[in-house]
Amino acid sequence: MTDQRTGFLGAVGRFFFSPTDPTTLGLMRIMTGLIVLYTHAAYSLDLSNFFGPNAWWDQQQGNLQRREMPHPRTPLGWEVPQATIRVDEMPHRRSAEIEFMRNLPNDPAARQAKLRYLKTLFSRTTSSEDRSYRDFSAGIFLINSAARVSDDQVVQVRNMLKAEKFDDKNSPVTFPQFVHDMSPQERQALWDDVLAFNTTLPPDGVKQEYILAWLEYYVQHQRMRLYQFLAGELKENGQDMSLPADQGERAEVLDYLDTWGLDTRQIGTHKGVSNFSVWLHLTDPSAMWAVHIIALVVFLLFTLGLYTRVTSVLAWALSLNYIHRSQMILFGQDTMQTILMTYLVIGPSGAALSLDALRKRYRAALAVMGAGGRSVPWATAALAGPQPSWLANFAVRMVQINFCFIYFSSGFSKLKGTSWWEHSAAWLVMANPEFGLLRYQAYEWLLRVLVESRFLMALIAGSVTMFTLATEIGLPFLIWTRLRPVMVIFSTLLHFGIAIMMGLTVFGLYMYTLVLCYFPAKLIRDRVGSAPGSGRKMTVKYDGRDRTAVRKAGLVRALDIAGQVTFVDAATGKEADRTIRLTDPDGKQVVGSDLYRSALRDLVLLRPVRYVGLIPGVWPLVNVWFGR
Amino acid sequence: MTVHSPPPSPTDLEEPPLPPERVLTVGLIGVGLVVSAFILGLASGAPLRGFDAHWADGPRTLLAALGLFLAGCAVSMRPGWYGGWLCAAAAGLIGYGVGAQPPAGTEWYLSPPRDWYAGVPNAWDSVQLFFGVFGAFALVGAIWTRLPRKAVYACILIWVCYHYAGIMSAVTSPPPMPWMTDQYWKRVGSPYLQFAYMNNAYQFYSPDPGPATELWVLIEYRPEGSADDAESERECIWHIIPHRSEDYVDPLGLSYYRRLSLTENLAQFQASYMSLAPELKVVQARREKASRESGGRDIPRVPATPEYERPNELVSRQLLPSFARHLAHEYARPGKEVRSVKIYRARHQLTTLAQFRGFDPTTGQSVMPVDPFMPSLYIPNFQGEFDGEGQLKDSTEPLLYWYVPIYNSRSNNPLPATLEEYKRNIRRHGPSYYFTDTVSRHARCERPVEEGRK
């Protein structure tokens, strides 16, 4: 660790990897844990509404999106990807088009026979001239007409088409101009093709209209591609990309097309979302509640800093389970929660201000007290306080940089909006009925009084807008200078304002937790922890030969984070004595439960919970546990 | 002469780690549990393809989860030793599973035609993914413990660059999105960022703070077994989501704000109407016809920007059906069937400063100050009528995706000069004194009066 100051990583290495006090991370862990606990406890009110099988975003839909959602890649070059097939967006039209494709014959040769008319029509109307367009429309209309003629009329038309010079004035159907230029045999063949194509259309007149409209309005330069797709002739990079002959494959292609509007073969493996969640699979209410309660317990343990290396990872994974299941209910606070959880997993967030730290102190105390005077460097160092850690510094730096990204993006993106330039954004926030305070009559009254003065409102709106922009745009740069305290205060004020004016209190709390990353660890240690040397002095005498005595004295030493107690190994007599004696600040020597009462009263760490001693049964339990 | 002992080295200051045997014991128990889950799957005949549920899924997942947990504990017991990491890697990768390469030409199948053997059931494929990522990460961790410190720092810095490149791509992903961001996101960044939920653009209240959206939902019931069009037995109940008095149930209002976020997701529109021309003509024609209905059933066209807002496919094909199913389930009643769920998305327009003050900038005259909860500030858009299974009943419905106006019409009283008089009359006579609510007309069910909406 010491060689990185002169190592090749230089300034970057020092920035990221210099050891630092993990107390900042410890406080961030506590705050994050409390907020996460609240957030997930609030989910208890809506467990089935948000995470159950019939939730707002139900399991069926969630899994469908997770497994199938397309994210096609665009080419790295200038080529434009061509869809194999395009279908309409409106459900009634799309379903008719999909049904048409589903009912086409499996065998490509049979399909080609049925679709021959389309091939003729598409290939003869490729020009962009008006005549080509008119011919194409007439060709589509011909299909429509042919579907409505009687058997006699079919024969009548065939006879008319036999004439050398074809005239469709008296024909029950109208032909495109290019038919007039065909030979009689070609005309008759075309008429047979039209009738063959009509057999592929559904009997429902409305659906027929949808399919014909689809064909008519299909993009001109892609019509032949459509024919090739339908007829089984479309190949791309050696792969058959036409309507599959195999029923199973056809069903899969058309189902995907119906759901997502894209050809699943063109998407390939670029489908789905990398989400995971037990809530996507759990359906039994009892199992759901069991998992939810386990999650709450894990969050509690994480907050307390117990087995943090495990509970931090579990808490991170469990929180993501909720997030991945319920993307529709998420907003900014969930992003902040994930940022905090991720970096708290990376860093030793349980090394300070945690039960883990107390447990380590206890192990260290046992090691020192049971060493019989030998030096135990690790234990002595542990009892001096949390050890500086390069991983703690790295985690804090990651939070700091991510915080800058947040403000950078939030601030600069606002410059895209006119309301921020004209200073009306602040008003839009103040006057938002769903988020803000307008539901209170007193607030509405106050606003109505303020708006009477246009100058005052402009001053308020302008100040708020400029303050917001200055803080968000300025912080990523100024936070690294001597103006850090100022920017931290500005950030705090900004989020206080958001919490009050928008009601986004939990979001504000997460931002406060994030901004802690800029606080010096020493400041936190002095304000939240206990400064060494504080509190009243005491002395504990114990017999280092007795394991029980060492254990009891070790516990007191572990809890003595302010160094109030002087420990004396006063082994006397032949027999090891398991009793430990505490001389309290008033000079009185106490043992047994009186000892623990004194500790509870006078030790700086335990003072906030000293009222626990008033609970009936606590002292008998302590006596049983630790003995006299 | 005093002999000074040398200062303790950094390793002397670290607490002695737990013995490897203990770590290995915990780790191997974990691996064993995952292997048990694997064997249980084989023995119980759980499906090896597809995502169908099986009775053994629950026990297998529990065993595998417990096993992964214990393997993770092994890592935490001695993080600097590769043994724990290898146990975690084994647990993760066995849970994730193994299978043959799918036959050529079937890679695009949603469920590849090959057998997949895993500790975690195939029906729980998202949990398999987690196991896989965990296992891969643990494998990297095992290698990590063998690297010299400088190599560790270098690897970390590479990850930092990758991580923040991903965050930068998320930040620049809102439109207009740079081509490079698109390529990075789709080719490199998205699996990682989606998995870790680090894909937020952080663009809060930008470009402009916008209005909130409510859902006005009408659930229609009929007695079980009765005909669909039996009007006499029709019962309808309106719900507003979110509703502060019903949904603000926790002290910090999370349940309320979560529902606001839910409704906001519906406000995703097609940038321009992409459908073929014939549909657009028919849409306009249907709307015109609805404005000329007789018998007081007309829904007039009132100028609004925009009048027609078609949602994108995520909303129309996925969100709305899911919402409808949920609503039918949540508001189910014994002895009754849900006949339909009508959904209206109501954007609550924000008042401008001038409107709030009661000033018309175009004429320079004072007008009645606008009440922020005035009914005409709600811009309802009909999102469809769905059955209990989430199927859109009629995609040719004339008002589908159209603005259904609430407005001050000629048949209503003119708005007064003062806000006090307005509020007094609203309290006394109800909103219909000043406003025509065509939502109630369209839904054929009167919307309840919400006084003040405070």
**Prompt:** Which distance in nm do the two modelled labels at A:Arg545 and B:Glu107 give, with both placed 7 Å along the Cα-to-Cβ direction?
**Reply:** 7.7
**Fill in**
Residues from segment A:424-442 losing no less than 10 square angstrom of accessible surface in the full protein assembly compared with the chain alone, 1.4 angstrom probe, ligands and nucleic acids excluded, are A:Trp427, A:Leu428, A:Val429, A:Ala431, A:Asn432, A:Pro433, A:Glu434, A:Phe435, A:Leu438, A:Arg439, A:Gln441
**Item:** Cysteines in chain B that, by Cβ-Cβ distance, have no pairing candidate under 4.7 Å
**Value:** B:Cys73, B:Cys87, B:Cys155, B:Cys161
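What is the extension gain from B:Phe69 to B:Leu419, computed as 0.36 nm multiplied by their sequence separation minus the C-alpha to C-alpha distance, in nm to one decimal? The partial results should precede the final answer.
Details: separation 350, 0.36 × 350 = 126.00 nm, distance 6.35 nm.
My answer for the length gained is 119.6 nm.
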**Item:** Along principal axes, Cα extents of segment B:264-343, largest first, whole Å
**Value:** 42, 36, 23
**Fill in**
Losing no less than 10 Å² of accessible area (probe 1.4 Å) relative to the isolated chain, the residues of segment A:87-115 are A:Asp88, A:Glu89, A:Met90, A:Pro91, A:His92, A:Arg93, A:Arg94
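Given a Förster distance of 56 angstrom, what is the FRET efficiency for B:Tyr433 paired with A:Asp284, based on the Cβ-Cβ distance and rounded to 0.05?
On the way: r = 52 Å, r/R0 = 0.93.
Efficiency for this residue pair is about 0.60.
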**Message:** Based on C-alpha coordinates, I'd like the Rg and Dmax of chain A, in Å.
**Reply:** 38.5, 135
**Request:** Report the label-to-label distance for B:Glu235 and B:Glu307 in nanometres (one decimal), using points 7 Å from each Cα along the Cα→Cβ vector.
**Result:** 3.9
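Among the trypsin sites (Lys or Arg not before Pro) in segment A:439-511, which ones are in a DSSP loop with at most 15 other Cβ atoms within 10 Å of the Cβ? Mind listing them?
On the way: sites: A:Arg439, A:Arg448, A:Arg454, A:Arg482; in loops: A:Arg439, A:Arg482.
Those that pass, being in a loop and sparsely packed, are A:Arg482.
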**Request:** Please work out how much accessible surface A:Arg265 shows to a 1.4 Å probe, ignoring ligands, DNA and RNA, in Å² rounded to 10.
**Result:** 20
**Request:** Could you tell me how many degrees, from 0 to 90 and to the nearest 10, lie between the Cα long axis of helix B:57-77 and the main elongation axis, the longest principal axis, of the Cα atoms of chain B?
**Result:** 60
**Item:** Probe 1.4 Å, all protein chains present, accessible-area order of A:Arg187, B:Arg317, largest first
**Value:** B:Arg317, A:Arg187
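Am I reading the A/B interface right? What is its buried accessible area, both sides, 1.4 Å probe, to the nearest 100 Å²? Please list the in-between numbers first.
Details: alone 33210 and 27120 Å², together 48430 Å².
The contact between B and A buries close to 11900 Å².
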**Request:** May I ask for the percentage of alpha-carbon pairs in chain B that lie more than 34 Å from each other?
**Result:** 57
**Message:** What does the extension gain come out to for A:Ala109 and A:Ser150, with contour length at 0.36 nm per residue minus their alpha carbon separation?
**Reply:** 11.9 nm
**Request:** Go through A:Lys414/B:Lys186; A:Lys271/B:Lys393; A:Lys541/A:Lys574; A:Lys541/A:Lys588 and tell me which ones have a Cα-Cα distance over 23 Å in this structure.
**Result:** A:Lys414/B:Lys186; A:Lys271/B:Lys393
**Complete:** Taking 0.36 nm per residue of separation between A:Trp421 and A:Gln239 and subtracting their Cα-Cα distance, the length gained on full extension comes to 60.1 nm
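Please compute the per residue accessible area over segment B:151-204 with all protein chains in place, 1.4 Å probe, rounded to a whole number of Å². Display every interim value, and only then the final one.
Working: 2210 Å² over 54 residues.
That works out to 41 Å² per residue.
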**Complete:** Rounded to two decimals, the Debye log10 I(q)/I(0) of the protein assembly as shown (Cα scatterers, no solvent) at q = 0.04, 0.06, 0.10 Å⁻¹ is -0.29, -0.62, -1.39
**Message:** Let's test the formula: R0 of 51 Å, r as the Cβ-Cβ distance of A:Arg131 and B:Ser411. What FRET efficiency results, to the nearest 0.05?
**Reply:** 0.40
**Complete:** Helix B:20-43 sits off the longest principal axis of the Cα atoms of chain B, rounded to the nearest 10 on a 0 to 90 degree scale, by 60
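If R0 is 25 Å, what FRET efficiency do you get for A:Asp204 and B:Arg333 from their C-beta distance, rounded to 0.05? Each step should come with its number before you reach the end.
Details: r = 36 Å, r/R0 = 1.44.
According to the calculation, E is roughly 0.10.
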**Request:** Would you calculate the separation in nanometres between label points at A:Ser453 and A:Ala576, each defined as 7 Å from the Cα along the Cα-to-beta-carbon direction?
**Result:** 7.9
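With a 1.4 Å probe and all protein chains in place, put A:His324, B:His429 in order of accessible area, largest first. Mind showing how you got there, number by number?
Details: A:His324 5, B:His429 90 Å².
The ranking, largest first, comes out as B:His429, A:His324.
Could you provide, to the nearest whole Å², the per residue accessible area of chain A with probe 1.4 Å? Each step should come with its number before you reach the end.
Numbers: 27440 Å² over 628 residues.
Heavy-atom SASA per residue in chain A reads 44 Å².
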**Fill in**
Extend 7 Å from the Cα of A:Val80 along its Cα-to-C-beta direction; within segment A:220-243, residues with backbone N under 13 Å of that point are A:220-222
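Loop sites only, by DSSP: take the GluC sites (Glu not before Pro) in chain A that have at most 16 other C-beta atoms within 10 Å and name the longest stretch containing none of them.
Numbers: sites that count: A:Glu79, A:Glu129, A:Glu164, A:Glu422, A:Glu452, A:Glu575.
Here the longest run is A:165-421.
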**Request:** Please arrange A:Lys162, A:Lys360, B:Lys289 by accessible surface area, largest first, computed with a 1.4 Å probe and ligands excluded.
**Result:** B:Lys289, A:Lys162, A:Lys360
**Request:** With 5 Å bins from zero, work out the P(r) of segment B:212-453 over every alpha carbon pair and list the percent per bin.
**Result:** 1, 6, 12, 16, 18, 17, 14, 9, 5, 2, 1, 0, 0
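The values are calculated or read from the model by the stated rules, or taken from the named source; none is laboratory data. Computed from a predicted structure; not experimentally measured. For neighbour counting, all protein chains shown are included, and Cβ atoms are generated from backbone atoms with ideal geometry for every residue, glycine included. SASA here: full protein model, heavy atoms, side chains in, ligands and nucleic acids out. Shrake-Rupley method; radii C 1.70, N 1.55, O 1.52, S 1.80 Å.
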